Amino acid sequence: MVSKLEKQFKNSKPMLNPSSNQMAMIDPTKKVSVYRNLRDECFSVKQGSKVVFHTKAIALKNVTFRVNENARQRVIAKRRKEVHAYVDGFLCERDSSIVYLREVYYNPYTTSKFTIKGSNEPCESADCCAMVMFLDGPVVAIP
C-alpha cells in the first residue's frame with residue numbers, strides 16, 4: 001500500500017505554500033485556471049493546458065468563474081466527479097487591505113454557476129478573489 005507521503009513525492013508538481021513565490025512558477029502576463037483537486041485536497045493551478053503547481057491558498061485578480069455545462073451534465077447524469085469548474089484570473093499577492101466578505105461556492109447538483117453564499121446570486125466575475133483550503137473544505141471569497 002502506498003502511503004500519502006509517497007504519493008506526494010511521486011507527484012511531479014510542487015505543493016507551494018502561500019508564502020512561497022508562486023509568481024516564479026508561471027508567466028505573470030498570462031491567466032491561470034484554478035480548480036479544486038479532490039484527491040490531494042488542494043487547488044491545482046494550470047497555465048495553458050499544463051498544471052504548474054498545487055497550493056493550499058492563492059489570490060487572483062481580474063477573475064472569471066467558469067463552468068463547463070456539458071461536463072456538468074455528465075457529472076449529474078453519472079453521479080461521478082469530473083473537473084469542470086474553474087476560477088480564471090491573474091496570479092497576484094493577497095492585498096491585506098481588502099476585506100473578503102462574500103463567500104462564493106459551486107455545487108453541480110444544486111446550481112449551474114458559481115454562486116454567492118447567502119444571497120444565491122450567480123457570480124460570473126470579480127476584481128479579485130482569495131482561495132484557501134481549510135480542513136473542512138475550500139473557501140473562495142470576494143470583496
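Treat the count of other C-beta atoms within 10 Å as a stand-in for reagent exposure and order Ile58, Ile142, Ile116 from fewest to most.
Details: Ile58 26, Ile142 20, Ile116 15.
Sorted ascending by nearby Cβ count, the order is Ile116, Ile142, Ile58.
Over the Cα atoms, compute the radius of gyration (one decimal) and Dmax (the largest Cα-Cα distance, rounded to a whole number) for the chain, in Å.
So, for the chain, Rg and Dmax equal 15.2, 46 Å respectively.
What aspartates and glutamates could a cross-link reach from Lys81, if we take a straight Cα to Cα line under 17 Å and drop same-chain neighbours fewer than 8 places away?
In chain and number order, the partners are Asp40, Glu41, Glu69.
Ranked by Cβ crowding within 10 angstrom, fewest neighbours first, how are Leu101, Leu91 ordered?
On the way: Leu101 8, Leu91 21.
The fewest-first ordering by Cβ neighbours comes to Leu101, Leu91.
Hey, fewest Cβ within 10 Å first, where do Lys81, Lys56 land in order? Don't skip to the answer; put the middle values down first.
Details: Lys81 11, Lys56 16.
Arranged by neighbour count, lowest to highest, Lys81, Lys56 become Lys81, Lys56.
Order the peptides 66-77, 32-43 from the highest to the lowest mean number of other Cβ atoms within 10 Å of their residues. Don't jump to the answer; show the numbers that get you there.
Numbers: 66-77: 13.4, 32-43: 17.4.
Going by the mean number of other Cβ atoms within 10 Å, highest first, we get 32-43, 66-77.
Where a number appears in this text, it was derived from the coordinates with a stated rule and is not lab data. Keep in mind the model is a prediction, meaning the values are calculated, not measured. Using ideal geometry, Cβ is built from the backbone for each residue, glycine included, and neighbour counts are taken over all protein chains shown.
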